[in-house]
1. How compact is the chain by the rule of thumb for globular proteins, expressed as Cα Rg over 2.2 N^0.38 Å?
2. Considering only Cα-Cα distances, which of the following residue pairs are longer than 28 Å: Lys71/Lys130; Lys50/Lys93; Lys21/Lys101; Lys72/Lys100; Lys4/Lys72; Lys74/Lys110?
3. With +1 on each Lys and Arg Cβ and -1 on each Asp and Glu Cβ, how big is the dipole of the chain about its Cα centre, in debye rounded to the nearest 20?
4. Rounded to the nearest 5, what is the percent of antiparallel bridges among the DSSP beta bridges in the chain?
5. Using Cα springs under 10 Å in a Gaussian network model of the chain, which residue among Leu11, Leu56, Leu47 shows the largest mean-square fluctuation?
6. Measuring with a 1.4 Å probe in the full set of protein chains, what accessible area per residue, in whole Å², belongs to the chain?
7. Under a 10 Å cutoff between Cα atoms, tell me which one of Thr82, Thr123, Thr51 has the largest fluctuation in the Gaussian network model of the chain.
8. Summarise the accessible area of segment 3-135 (1.4 Å probe, protein heavy atoms) by the percent that is carbon and sulfur.
Amino acid sequence: MSRKNQGKIILIVEDNQYNMKLAVDLLELAGFVVLKAVNGQAALNVLVDKTPHLILLDLRLPDMDGVETFKKLKENKNLEATKIVAFTASAMKYEEAEIKKMGFDAFIIKPIDTVNFVNCIETIIHQKGKGNGGSC
Ligand code: MN
């Protein structure tokens, strides 16, 4: 297990049980501390007393959607150093442009690519400064 990820905290916001379990399993195996939220409000509740290094945010959520949740995250001063990654099933061109414009650090396409997923997260979480909103 890679030691460089030890103590790095990732919050996964995802309402699909299968995607959540796969992401949690892969990231825990890689040594990350993983927090979970199944909707936007649950994510905000977690963030009351936790400050993750990275948030993986599903854009399609049952209550407030990922875009709405993202806006609330950007208002939270505790999260200034937190990387926020869009987790999206659709890679439509307009959506990519939207994701960049909004200020996400990166996006990851579902279904999860089990070979590259952890590498993507490691690259983003260990990089200095903000990401450019590009695909991982
Ligand atoms: Mn969803």
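1. Compared with the compact-globule rule of thumb, the chain sits at 0.94.
2. Lys50/Lys93; Lys21/Lys101; Lys4/Lys72
3. Taking the Cα centre of the chain as origin, the dipole is about 460 debye.
4. Restricted to the chain, the bridges split so that about 0 percent are antiparallel.
5. Per the Cα network of the chain with a 10 Å cutoff, Leu47 tops the list.
6. 53 Å²
7. Result for the chain, Cα springs under 10 Å: Thr123 fluctuates most.
8. So the carbon and sulfur contribution to the accessible surface is 53 percent.
The values are calculated or read from the model by the stated rules, or taken from the named source; none is laboratory data. This structure is a prediction, so every number in the text was calculated from the model and none was measured. Note that we place each Cβ from the backbone using ideal geometry, even for glycine, and neighbour counts take in every protein chain shown. Accessible surface is based on the protein model in full, side chains and every heavy atom, while ligands, DNA and RNA are left aside. Shrake-Rupley method; radii C 1.70, N 1.55, O 1.52, S 1.80 Å.
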